[in-house]
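The values are calculated or read from the model by the stated rules, or taken from the named source; none is laboratory data. Note that the coordinates shown come from a computational prediction; the quantities given were computed from them, not determined experimentally. Counting neighbours? That spans all protein chains shown, and the Cβs are built from the backbone with ideal geometry, glycine included.
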Amino acid sequence: MTDSGATEVIEYQNARLEIEGPLATFWFSDPEKLNALNPGMVEALYAALIEVAKPRRHIRCLMITGEGRAFSAGANLSSGAAKAERTRAEPPVIQSVAGTFHPLVRRLRDLEIPVVAAVNGPCVGFGFAIALLADYIVASEKAFFLVPFASLASCTDSGITWLLPRAIGTPRARAMIMRAERLYAEKAFDWGLVNELVSEDGFRDAARAVALGYATGPTIALGIMRQLFLTGPEQTLDQHLEAEVRGVARTARTKDNTIAIGNFGKKTKPEFVGE
């Protein structure tokens, strides 16, 4: 995907955003440190999320991945900021979590286009939380998932104790989090955490094919479905039914809905425009 012929590349600190028509790909790009997330990389993803949401961009899918052999090794605990956080009593660490990590979680949750996580290798801590906010996870057979907080004598953050039980069930999530157990890609696929498991050789092409499928789909409908999945656990059934009615009303007014209805019963696949 690095040679994808992107029409535009926006460079950030140890990260970049590649835009290729309706598909945007965000890369964590500090491979020597296994894409461990420093504050600049977190801010880069936040800025990229703002960029892809701009209407003039007409971006219809975001893929998030890592350069090199890791998706992300989680927060970079060796950074100067992290060291300062561990040596002060009054908690810049809380400022980091509440002021940096959690706003990114909310911004990614609220994105109204499909998100694909292309997990090419180790996916740890905050990086794992980011992957859990995707609608579809493609994983390399070399990938693994880890929540390391217990081994660091730290409480979890970034919503991972909310997100992971909904992906694999509470007993499995509790063991994985409280015992800091590593979950390898094959078992993650068996448990339903990973949607697609791909050999290392074919991984990049397979992930891009999935993302392009979303990028040429009925974007507004897919974005509403994304939000229904994310907000469903917080709602009663009646509230969820009302949200579905609002969603149906919105999609009924879209060009893609008109295209799909006009194509109904034909053997050709409709060409959606994302509007």
*Go through region 103-150 and tell me which strands (runs of 3 or more DSSP E), entirely inside it, have 2 or more residues that are closer than 28 Å to Ile59 by Cα.*
115-119, 122-124, 136-140
*For the subset of region 28-76 comprising residues that are surrounded by fewer than 23 Cβ atoms within 10 Å (Cβ to Cβ) and of a type in the set (Lys, Arg), which member is farthest from the chain's Cα centre (by Cα)?*
Arg56
*Pick from Ala211, Ala207, Ala260, Ala215: which is out of contact with any helix residue (DSSP H, G or I) (no Cβ under 7 Å at 6 or more places or on another chain) and farther than 23 Å from Leu108 by Cα?*
Ala260
*What about Arg226, is it closer than 30 Å to Phe145 by Cα, of a type in the set (Lys, Arg) and assigned by TED's automatic domain parsing to the domain that holds Ala134?*
no
*Looking at (1) within 19 Å of Val105 (Cα to Cα); (2) in contact (Cβ under 8 Å) with a residue 40 or more places away in the chain; (3) touching a Leu at 6+ places or on another chain (Cβ under 6 Å), can you tell me which one Leu193 breaks?*
(3)
*Could you check region 1-68 for strands (runs of 3 or more DSSP E) lying wholly inside it with 3 or more residues that are closer than 29 Å to Met225 by Cα and of a type outside the set (A, V, I, L, M)?*
15-20, 23-28, 61-66
*Checking Gly247 against (1) assigned to a loop (DSSP other than H, G, I, E, B); (2) in contact with a helix residue (DSSP H, G or I) (Cβ under 6 Å, 6 or more places away or on another chain); (3) farther than 19 Å from Ala139 by Cα, which test does it fail?*
(1)
_Looking only at residues that are part of a helix (DSSP H, G or I) and in contact with a helix residue (DSSP H, G or I) (Cβ under 6 Å, 6 or more places away or on another chain) in region 168-186, which one is surrounded by the fewest Cβ atoms within 10 Å (Cβ to Cβ)?_
Met178
*Mind checking whether some residue in region 229-239 is over 15 Å from Asp110 (Cβ atoms), assigned to a helix (DSSP H, G or I), of a type in the set (A, V, I, L, M, F, W, C) and out of contact with any His (no Cβ under 7 Å at 6 or more places or on another chain)?*
yes
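Specify the residue that is surrounded by the most Cβ atoms within 10 Å (Cβ to Cβ); the eligible residues are those in region 187-217 that are part of a loop (DSSP other than H, G, I, E, B) and out of contact with any Pro (no Cβ under 9 Å at 6 or more places or on another chain). Reasoning before the result, please.
So the first thing to find is which residues in region 187-217 are part of a loop (DSSP other than H, G, I, E, B), and the list is 192-195, 199-202, 216-217.
After this cut, where a residue has to be out of contact with any Pro (no Cβ under 9 Å at 6 or more places or on another chain) as well, the list is 192-195, 199-202.
Working: Gly192: 10, Leu193: 23, Val194: 26, Asn195: 15, Ser199: 10, Glu200: 13, Asp201: 10, Gly202: 12.
Ranking the candidates gives Val194 first.
Listed here are the residues, each with its yes/no results for (1) more than 28 Å from Arg166 (Cα to Cα); (2) over 20 Å from the mean Cα position of the chain (by Cα).
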residue	(1), (2)
Ile220	no, no
Phe229	no, no
Pro233	no, no
Leu237	no, yes
Thr251	no, yes
Thr254	yes, yes
Ile259	yes, yes
Val273	yes, yes
